[in-house]
Amino acid sequence: MSRTAAALAVLVNGELRGAENRWIDGVASIEQAGPSEITYIQDEKHLSRLADCRAAAAFLPHRLADIVAAKTPDLTQILVEDPQAAFLTVLEIVRPQRPSCAPGVSPAAFVSESAQLGEGCYVGPTAVVGDDVVMGRNCQIHPGAVIQPGCVLGDDVVLHPHAVLYADVTLKNRVIIHAGAVIGADGFGYRLVNGALEKIPQRGTVILHDDVEIGAGATIDRAMIGATVVGAGTKIDNMVMIAHNCELGQHNVFASQVGLAGSCKTGDYVRLGGQVGVKDHVTMHTGSQVGAKGGVHRDIPPGETWIGYPATPEAEQKRLVFSLKRVPEMRDQLKALQKEVTRLSAELAAAPPPSSLRAAG
Amino acid sequence: MSRTAAALAVLVNGELRGAENRWIDGVASIEQAGPSEITYIQDEKHLSRLADCRAAAAFLPHRLADIVAAKTPDLTQILVEDPQAAFLTVLEIVRPQRPSCAPGVSPAAFVSESAQLGEGCYVGPTAVVGDDVVMGRNCQIHPGAVIQPGCVLGDDVVLHPHAVLYADVTLKNRVIIHAGAVIGADGFGYRLVNGALEKIPQRGTVILHDDVEIGAGATIDRAMIGATVVGAGTKIDNMVMIAHNCELGQHNVFASQVGLAGSCKTGDYVRLGGQVGVKDHVTMHTGSQVGAKGGVHRDIPPGETWIGYPATPEAEQKRLVFSLKRVPEMRDQLKALQKEVTRLSAELAAAPPPSSLRAAG
Amino acid sequence: MSRTAAALAVLVNGELRGAENRWIDGVASIEQAGPSEITYIQDEKHLSRLADCRAAAAFLPHRLADIVAAKTPDLTQILVEDPQAAFLTVLEIVRPQRPSCAPGVSPAAFVSESAQLGEGCYVGPTAVVGDDVVMGRNCQIHPGAVIQPGCVLGDDVVLHPHAVLYADVTLKNRVIIHAGAVIGADGFGYRLVNGALEKIPQRGTVILHDDVEIGAGATIDRAMIGATVVGAGTKIDNMVMIAHNCELGQHNVFASQVGLAGSCKTGDYVRLGGQVGVKDHVTMHTGSQVGAKGGVHRDIPPGETWIGYPATPEAEQKRLVFSLKRVPEMRDQLKALQKEVTRLSAELAAAPPPSSLRAAG
């Protein structure tokens, strides 16, 4: 791609300010954009990153036009409602997605005779589709992905290389499973019998609803009975662990390396930062959030943000952390105070008791 | 399955109380059981979950019969010694395990000519069995599992899809490796030579003893020399990391995302909660436990429970956390006290010294 | 191998002290070496481990000869500059590496017709090499490894079983990727549009420079635009997560289960302990270190060591932790002090004000 700034302004229905004939041949972040590339300034938070910006042009909201012009007078501006959306539109032109794999089953794939594949599916070399699997249309099963018997997939499901579905798992439409993720392994349950751990059978399943995306190396264990459920539109990052019998709501976002113990529940729009850990049977209600590395062992009410280990409401935790930092100073103050009180106490003791004074008087 | 409560009571050798002809066609947890399903009440801790129980029947211990009858008069009771065991017996009938894969090597598997397989083994499509591998009877090597050369497997070993054994690893009888787990990758060891990191050869191995189970995506690294060892009956959850030269005892239970650095040791019956991290060369003695997210950097004596980061004995940590929560309040008290002492000090200074008073007297 | 201590001394150009004809047939750590094995004592820190040492011989530095002789008089000494290096030399003889796989493409591998392989490459059974992949010389692509289209590999690259490279990833010379690691999965980016999470296209790539090693099950996500970069010689342990657009310097060492959020940067020789988590857009400058389980959310200056959650400079954190441990005691002191001040205050109040005293006088 190589287009003028003016042409891009037309493309995204934006308002051009500045040199309109500059050629744009690429897209990049504010810091990394070169002198023939376009970037975007989404909001006030981005302004501090403009210092060394060498970009030719930027998408930005109308309200920032003057501020940005003052900071970077040479930058050609394209004013739009949603700068990120405009940027992504151009990204699609500059860096188009690799074309999807052509439909068809590779001769080097292994597909059971009893499996049913919808139209337009791609099954790559060394992928394995087990007995009685049912798959909708236009699914992409990449090399090495394994679908054990009895799984049911909707339309437009994508399994990246080495994604693994254990038997009898259900994936609804447009679910994406990244490489090495494992859906439906046995929940972690044992009972101690005569000094040895006996496996509790895990006979439930996993259901991932529409538009769920699961990151590379994540694991979603099957329920003991019933189902481990991930609600529609929920996005789960790499190496997240969801234990058996969890039930997640819709549009959740879990960052990398989060771990949920068994039977946790979430409402909708719950957000967990990286490396958060959650105790079993905890419920995080709709709109609640937990900061990175938080350790949650109580239910979180709707809309609250909790942080810390053990996690508490954000304001409480911040007050706590602020106070804790002052503990060394408090120790010094306490010691000084002890000394002072000892001195006062001695001084007062040295004085004759007031009554005797008065008596003396 | 569909049987009367009375028939189930006979099956588990239990004592029936309540309606005996109710048809039971499923099993579920206390909260999820429907009006034709059976659940179980293991002990007093389960009683609080009975509020909205809609189950037709429940297994429970004799001692809880009256309490449960008072809470849920319509529930048919089957009184038994071990409610969970009775429940699992019925689970096996209601939700029988998928039949094991039929013995035989898939034509789409790759098995080296020098590998030796015992009777009754299943090797699925795209599984790879390397040179000189020796495998006992009735092993199940699922699609995509890779056994590198020289590995030795006992009887009844199960490798789920994409489990990987590096060369020369030993798995004893009934070991289960879940999907994507990696046994025997190189330990993480380097030496800094002329400013660059030089790999220290990792020439040891891994030995997993009888009845060990390793979760999906877990990694057990091979020793530098000698062996990384996991004792019989130990169960390790998903995404746990066991570094080189660790030696674990028997019947340990490690929850998900635990990480042990190199050369750690455990006794028997050690339990680690999710996301626990352990420093290298630490020993956790028999019966010790660490709460979720604990960070262990000292040896733990037998039978002790430690929590926190850094981890300390539970009682100590609880006292600490309790105190820390009061630090904001302590700051306020300290300030008030400083003010009061300043006031007292000023007041006392304003008074003539007792000696002068007396002199004046 | 079986050689005399004297022969080993010649081999490593060391100075023999003690019995020279003892036969050595193995190598082991100080604690595990048996009576016909050799070990090594690198420095003073190893001396405490000599108590029960049964080794026949040890490599050690000249300066420790007398101390070690006093502690373990029967131990044959071989004095060298670098005991570990001598030990590794012998290790190579005692436990030689398995021979590399013979060059050649397995008939059970799947290699695209458009892929270009250099001389001497091994491609194992069930490995997949996609369209337009370019591979240098002497690469080893183990069973089940998947290289998606458009990837470029240098010379001597090793992909262990089930390593996955998404499309268009670049690996320079001598890169090693362990089993199940995933390079180039989509970065975790979404925008909320009309209440649903819309995937932000991840069109960048990943570049791993010379001599990078990536542990089993680790994930390095592709950049949104531009590249996620790992500098030459950097070593990354199992299950580490590097999010999109991170740029790591050279010779970094990240222990297991570390997680870096998006757009982090590191200088050279940065070291992170196990389970460290780093906030997005944080820079850790050259020579900085973070202790295990640290949570980093601010830039770390060059050469500093930070610990804790939230992480702060080591000395500050140690002072803090030391102080925090004293909080329970401080509470007691504070209470005692409050009591004492109350007493003093009451006593002073009971006394007539000094002025009235004087007036009385």
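The values are calculated or read from the model by the stated rules, or taken from the named source; none is laboratory data. Everything numeric in this text was worked out from a predicted model, so none of it was measured. A quick note on method: Cβ atoms are made from the backbone with ideal geometry, for glycine too, and the neighbour counts reach across all protein chains shown. What goes into the accessible areas is simple: the full protein's heavy atoms, side chains included, and nothing from ligands, DNA or RNA. Shrake-Rupley method; radii C 1.70, N 1.55, O 1.52, S 1.80 Å.
Listed values, structure above:
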{"quantity": "Matching entry among B:LEU337, B:LEU320 (being more than 18 Å from A:ALA311 (Cβ to Cβ), crowded, with 16+ Cβ neighbours inside 10 Å and outside the structural domain of B:GLY277 (by TED's automatic domain parsing))", "calculated": "B:LEU337"}
{"quantity": "Residues being assigned to a loop (DSSP other than H, G, I, E, B) and more than 9 Å from chain A (Cβ to nearest Cβ) - total across segment C:154-183", "calculated": "14"}
{"quantity": "Residue within segment A:311-329 that is part of a strand (DSSP E or B) and more than 9 Å from chain B (Cβ to nearest Cβ) present", "calculated": "yes"}
{"quantity": "A:LEU47 vs. criteria under 30 Å from A:ARG137 (Cα atoms), in contact with a Lys or Arg (Cβ under 9 Å, 6 or more places away or on another chain) and open to solvent by less than 50 Å² (accessible area, probe 1.4 Å)", "calculated": "no"}
{"quantity": "Filtered residues of segment B:11-49 (kept if in a helix (DSSP H, G or I) and within 20 Å of A:GLU247 (Cβ to Cβ))", "calculated": "B:HIS46, B:SER48, B:ARG49"}
{"quantity": "Residues located in segment B:185-211, provided they are within 21 Å of the chain's Cα centre (by Cα) and of a type outside the set (A, V, I, L, M)", "calculated": "B:HIS209, B:ASP210, B:ASP211"}
{"quantity": "Matching entry among C:ALA65, C:ALA55 (being more than 14 Å from chain B (Cβ to nearest Cβ) and open to solvent by less than 80 Å² (accessible area, probe 1.4 Å))", "calculated": "C:ALA65"}
{"quantity": "When residues of segment B:77-127 are limited to those that are of a type in the set (Val, Ile, Thr) and assigned to a loop (DSSP other than H, G, I, E, B), the one surrounded by the fewest Cβ atoms within 10 Å (Cβ to Cβ)", "calculated": "B:VAL80"}
{"quantity": "Output for segment C:259-275, where each listed residue is in contact (Cβ under 8 Å) with a residue 60 or more places away in the chain and aromatic (Phe, Trp, Tyr)", "calculated": "none"}
{"quantity": "Criterion (under 16 Å from the mean Cα position of the chain (by Cα), within 18 Å of C:LYS293 (Cα to Cα) and open to solvent by less than 20 Å² (accessible area, probe 1.4 Å)) met by exactly one of B:GLY262, B:GLY231, B:GLY277", "calculated": "B:GLY277"}
{"quantity": "Subset of segment C:202-226 (residues that are open to solvent by 20 Å² or more (accessible area, probe 1.4 Å), touching a helix residue (DSSP H, G or I) at 6+ places or on another chain (Cβ under 9 Å) and at the interface with another protein chain (Cβ under 7 Å from one of its Cβ atoms))", "calculated": "C:ARG203"}
{"quantity": "Residue list for segment A:240-277, filter: away from chain C (no Cβ under 11 Å) and charged (D, E, K, R)", "calculated": "A:GLU247, A:LYS265"}
{"quantity": "Hits in segment C:106-127 - residues which are more than 12 Å from chain A (Cβ to nearest Cβ) and not small (Gly, Ala, Ser)", "calculated": "C:GLU113, C:GLN116, C:LEU117, C:GLU119, C:CYS121, C:TYR122, C:VAL123"}
{"quantity": "Positions within segment A:128-153 being within 14 Å of chain C (Cβ to nearest Cβ) and either surrounded by fewer than 19 Cβ atoms within 10 Å (Cβ to Cβ) or within 28 Å of the chain's Cα centre (by Cα) (or both), in sequence order", "calculated": "A:GLN140, A:ILE141, A:HIS142, A:PRO143, A:GLY144, A:ALA145, A:VAL146"}
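So that you can scan it fast, the table gives a plain yes or no per residue for (1) among the charged types (D, E, K, R); (2) loosely packed, with under 15 Cβ neighbours inside 10 Å:
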| position | (1), (2) |
| --- | --- |
| B:ARG3 | yes, no |
| B:GLY18 | no, no |
| B:GLY26 | no, no |
| B:GLN42 | no, no |
| B:ASP74 | yes, yes |
